[in-house]
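Novice: Dropping a structure here in structure tokens format, bear with me for questions.
The values are calculated or read from the model by the stated rules, or taken from the named source; none is laboratory data. Here the structure is a predicted model, which means the values were calculated and not measured. Please note: Cβ atoms are built from the backbone with ideal geometry, for glycine as well, and neighbour counts cover all protein chains shown. In case anyone asks, the SASA skips ligands and DNA or RNA and just uses the protein heavy atoms, side chains included. Shrake-Rupley method; radii C 1.70, N 1.55, O 1.52, S 1.80 Å.
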Amino acid sequence: MAIDLPEPVAVYIAAENRGDPELLEQCFADDAVVRDEGKTIQGLAAIKRWKAETRKKYRHTVEPLALARKDGKTIVTNRLTGNFPGSPIDLRFIFVLDGDKIASLEIRP
């Protein structure tokens with residue numbers, strides 16, 4: 001079953017799976033914030049560095065499983081498969097969108 005993801009989320013997932021941090025410019029706002037693994041990453045340049053580092057470290061792929069919307073947030077449950085203990089795992093990616101850009105992303109179990 002294909003999931004109809006909002007365009008910036010679909011671009012983000014494509015960037016993840018291609019390992020292409022340059023695609024992030026198309027989907028994140030310049031002042032976007034990401035929260036992942038207890039860290040807060042702010043700004044497009046820092047987000048691109050974070051994504052390149054996590055890709056190199058985990059060599060993961062992302063498969064969207066479900067989409068929900070709640071309180072102005074787009075919540076995508078994804079299966080991550082890669083080079084990390086417990087792989088594969090399901091994580092929730094909680095997006096706040098501002099028009100056609102991601103304003104924030106929080107990744108949770």
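Novice: Name the residue farthest towards the positive end of the dipole of the chain from the options Ser87, Leu65, Leu97, assuming +1 on Cβ of Lys and Arg, -1 on Cβ of Asp and Glu, about the Cα centre.
Specialist: Ser87
Novice: If you build a Gaussian network model of the chain, linking Cα atoms that sit under 10 Å apart, which residue out of Arg18, Arg55, Arg79 swings the most?
Specialist: Greatest mean-square fluctuation among the candidates belongs to Arg18.
Novice: Take every Cα pair under 8 Å in the chain that's 6+ residues apart, average their separations, divide by the length, and report that relative contact order as a whole percent.
Specialist: 25
Novice: Rounded to two decimals, what is the ratio between the C-alpha radius of gyration of region 42-109 and 2.2 N^0.38 Å? Show your work: numbers first, answer last.
Specialist: Details: Rg = 12.8 Å, N = 68, 2.2 N^0.38 = 10.9 Å.
Dividing the Cα radius of gyration by 2.2 N^0.38 Å gives 1.17.
Novice: A further question on this structure: Net charge near Arg55, counting Lys/Arg +1 and Asp/Glu -1 over other residues with Cβ under 13 Å of its Cβ?
Specialist: Neighbourhood net charge equals +2.
Novice: Between beta-carbons, use under 10 Å as the cut-off and find the net charge around Phe84, counting Lys and Arg +1, Asp and Glu -1.
Specialist: +2
Novice: Now for a different question. Per the 1.4 Å probe, what fraction of the accessible area of the chain, in percent, lies on carbon and sulfur atoms? Working shown, then result.
Specialist: Numbers: 3020 of 6260 Å².
That fraction is 48 percent.
Novice: In terms of Cα to Cα distance under 18 Å, which lysines are near enough to Lys39, apart from those fewer than 8 places away along the same chain?
Specialist: Partners found: Lys48, Lys51, Lys56, Lys57.
Novice: Report, in whole Å, the centroid distance computed from the Cα atoms of region 28-54 and region 88-109.
Specialist: 12
Novice: For region 34-109, give the magnitude of the charge dipole about the Cα centre (Cβ charges: +1 Lys/Arg, -1 Asp/Glu; no others), in debye to the nearest 20.
Specialist: 220
Novice: Return the ratio Rg/(2.2 N^0.38 Å) for region 1-72, where Rg is computed over Cα atoms only. Walk me through the intermediate numbers first.
Specialist: Values: Rg = 12.5 Å, N = 72, 2.2 N^0.38 = 11.2 Å.
Normalised Rg, Cα atoms only: 1.12.
Novice: Kindly report the accessible area of the chain per residue (heavy atoms of protein chains, probe 1.4 Å, no ligands, DNA or RNA), in Å².
Specialist: Accessible surface, normalised per residue, equals 57 Å².
Novice: Another question about this same structure. Determine which aspartates and glutamates satisfy two conditions relative to Lys101: a Cα distance under 13 Å, and not lying fewer than 8 residues away in the same chain.
Specialist: The qualifying aspartates and glutamates are Glu7, Glu25, Asp30, Asp31.
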